[in-house]
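Everything below concerns the one structure shown next.
The values are calculated or read from the model by the stated rules, or taken from the named source; none is laboratory data. Since the model is a prediction, treat every value here as computed from it, not as a measurement. As a convention, Cβ positions derive from the backbone with ideal geometry for all residues, glycine included, and neighbour counts pool all protein chains shown. Calculation scope for accessible area: heavy atoms of the full protein, side chains included, ligands and nucleic acids excluded. Shrake-Rupley method; radii C 1.70, N 1.55, O 1.52, S 1.80 Å.
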Amino acid sequence: EEQEEDVLRELRLFLRNLTERLMLDRRFKAFVKPVDIEEVPDYLMVIQKPMDLSTLLSNIDEHKYVTIKEFMSDADLIWQNALEYNPDSDPADRHIRHRACALKDTMRVIVRDELDKDFQRVCEEIRESR
Ligand SMILES: Cc1noc(C)c1-c1cc(NS(=O)(=O)c2ccccc2)cc(C(=O)O)c1
């Protein structure tokens with residue numbers, strides 16, 4: 001009902017603000033847009049589910065996420081894919097893995113510090129009721 005839509009609107013505001021802050025962080029420039037398949041032709045042979053910050057933003061606006069868990073499941077793909085596709089010990093791979101780990105840590109700290117636990121539970125109850 002209307003109160004539920006108010007809750008989901010507030011979740012979307014939080015998720016948009018989080019995603020936009022990550023997009024502005026220059027450490028995460030490589031994660032802003034989908035990996036360019038023309039530049040990285042074998043990418044889709046290695047990575048089954050590509051994800052990036054712009055796609056997250058589109059998903060938010062399409063009301064894809066009803067809980068923080070659903071959002072984090074997609075958001076985690078960004079750094080998980082980067083670790084999987086860039087496993088080697090050369091400096092370029094190590095650099096993108098370092099940025100991937102920074103993305104993982106930064107997201108988790110923002111969610112832990114800024115998303116109210118009771119609010120998360122209300123979102124979970126809306127998901128379970130649908
Ligand atoms: C993400 C990601 N996952 O695997 C890799 C590899 C990256 C990644 C993606 C991008 N952006 S891009 O796909 O548009 C591009 C790739 C190669 C040359 C020019 C552009 C940049 C970088 C980077 O290190 O700068 C790394």
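Data overview
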read-out: Label point distance in nm, Leu115-Arg26, each placed 7 Å from Cα along Cα→Cβ; value: 2.9
read-out: Heavy atoms of Lys49 accessible to a 1.4 Å probe, total area in Å² rounded to 10; value: 100
read-out: Computed E for Arg108/Asp88 - FRET, C-beta separation, R0 22 angstrom, nearest 0.05; value: 0.30
read-out: Charged-residue dipole, Cβ positions (Lys, Arg, Asp, Glu), region 1-95 about Cα centre, Debye nearest 20; value: 360
read-out: Estimated [θ] at 222 nm from DSSP helical runs (n ≥ 4, -39500 (n - 2.57)) normalised by residues in the chain, nearest 500; value: -22500 deg cm²/dmol
read-out: Solvent-accessible surface (1.4 angstrom probe) belonging to Phe14, in square angstrom, nearest 10; value: 30
read-out: Distance from region 59-74 to region 8-34 (C-alpha centre basis), Å; value: 12
read-out: Accessible area (Å², per residue) of the chain, counting only protein heavy atoms and a probe of 1.4 Å; value: 61
read-out: Mean Cβ count within 10 Å, highest first, over the residues of peptides 85-95, 18-28; value: 18-28, 85-95
read-out: For the chain, the Rg and Dmax computed from alpha carbons only, in angstrom; value: 15.9, 54
read-out: Protein accessible area in the chain, 1.4 Å probe - carbon and sulfur %; value: 53
